[in-house]
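K.L.:
My questions all concern the structure below.
The values are calculated or read from the model by the stated rules, or taken from the named source; none is laboratory data. Please read all numbers here as calculations on a predicted model, not as lab measurements. Don't worry about glycine lacking a Cβ; one is built from the backbone with ideal geometry, like all the others, and counts go over all protein chains shown. Quick note on the areas: whole protein, heavy atoms, side chains included, nothing else; ligands and nucleic acids left out. Shrake-Rupley method; radii C 1.70, N 1.55, O 1.52, S 1.80 Å.
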Amino acid sequence: MCAMARPRKPLLSTDRIVETARALVDAEGLAAVSTRRLAAELGVSGPSLYNHFRTKDEILEAVADSVSALVDLSMFEDGRDWRTALHDWAVSYRAALRDHPNIVPVLARGPGRRPAALRLADAVYGAMVEAGWPPAQATSIGALMRYFIMGSALGSFAGGFVDDASAYDPADYPHLGQAHLLAEQQEKIDERAFETGLTALLDGLALQYEQVVRGTA
């Protein structure tokens, strides 16, 4: 009678480490990630992780890049005009950050050497230059879009108000009588605020485009 083969453990891979680390960051925050904790989650010995990553920071950088890779970049390649492309990209970018908010502080450091983040920066800059923006202003557009999107993902405006009406004494805060209701509508308010700000930002850029690009054509 043949002996039953023992079930094989899933092979340790870079992708598996990153997926596990990302799940930890999503659930418990950046502080939850350590080589010891990851090894326990993966069912391997701690030293085996060093065949893929030398440090915790390298793991977090890889997690951050895996989130950047979720951002849709097709709008810069399928013929959409620069304004529509920026809008659609910003919505996709914010959605990725909204789903993985705990990694935003790492992403906010900038792309560094992360491949997906660099492809993202390259796509935005390239599309703006191709649309006629001068290189210096194309760089500024990429920067300001990043500031706006990252800022919107760092915290919720509506969620920052407590749902206790007594916290907003009209004698002290005469205009915050409904502030205790904001938290229960957090997602709707934050989405509307993002879209309002994005539209205003793109309207301003469109005016500049007429002056700078059309005016020098």
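K.L.:
Just one of Arg113, Arg94, Arg36 is part of a helix (DSSP H, G or I) and either open to solvent by 40 Å² or more (accessible area, probe 1.4 Å) or farther than 30 Å from Pro134 by Cβ (or both); which is it?
P.N.:
On the way: Arg113 fails: part of a helix (DSSP H, G or I); Arg94 fails: either open to solvent by 40 Å² or more (accessible area, probe 1.4 Å) or farther than 30 Å from Pro134 by Cβ (or both).
Just a single option satisfies the conditions, and that option is Arg36.
K.L.:
Regarding Leu182, is this residue at negative phi, open to solvent by 90 Å² or more (accessible area, probe 1.4 Å) and without any contact (Cβ under 8 Å) to a residue 40 or more places away in the chain?
P.N.:
Against the criterion (at negative phi, open to solvent by 90 Å² or more (accessible area, probe 1.4 Å) and without any contact (Cβ under 8 Å) to a residue 40 or more places away in the chain), Leu182 does not qualify.
K.L.:
Give the range 140-159 a look and list any residue that's surrounded by fewer than 18 Cβ atoms within 10 Å (Cβ to Cβ) and either more than 21 Å from Ala200 (Cβ to Cβ) or among the charged types (D, E, K, R) (or both), or say none.
P.N.:
Gly159
K.L.:
Additional query: Which number in (1) open to solvent by less than 60 Å² (accessible area, probe 1.4 Å); (2) over 15 Å from the mean Cα position of the chain (by Cα); (3) among the hydroxyl-bearing types (Ser, Thr, Tyr) marks the one condition that Tyr125 misses?
P.N.:
So the condition that Tyr125 fails would be (1).
K.L.:
Please count how many residues of the range 41-54 are open to solvent by 70 Å² or more (accessible area, probe 1.4 Å), in a helix (DSSP H, G or I) and more than 10 Å from Thr20 (Cβ to Cβ).
P.N.:
Count: 3.
K.L.:
Kindly list, by first and then second residue, each pair from a residue in the range 22-33 that is touching a residue at least 24 places away in the same chain (Cβ under 8 Å) to a residue that is assigned to a loop (DSSP other than H, G, I, E, B) and open to solvent by 20 Å² or more (accessible area, probe 1.4 Å), limited to pairs with Cβ atoms under 6 Å and residues at least 6 apart or on different chains.
P.N.:
Cβ pairs passing all conditions: Asp26/His100.
K.L.:
Does Gly177 satisfy the criteria of being assigned to a loop (DSSP other than H, G, I, E, B) and either under 30 Å from Asp57 (Cβ atoms) or touching a residue at least 24 places away in the same chain (Cβ under 8 Å) (or both)?
P.N.:
Criteria not met by Gly177.
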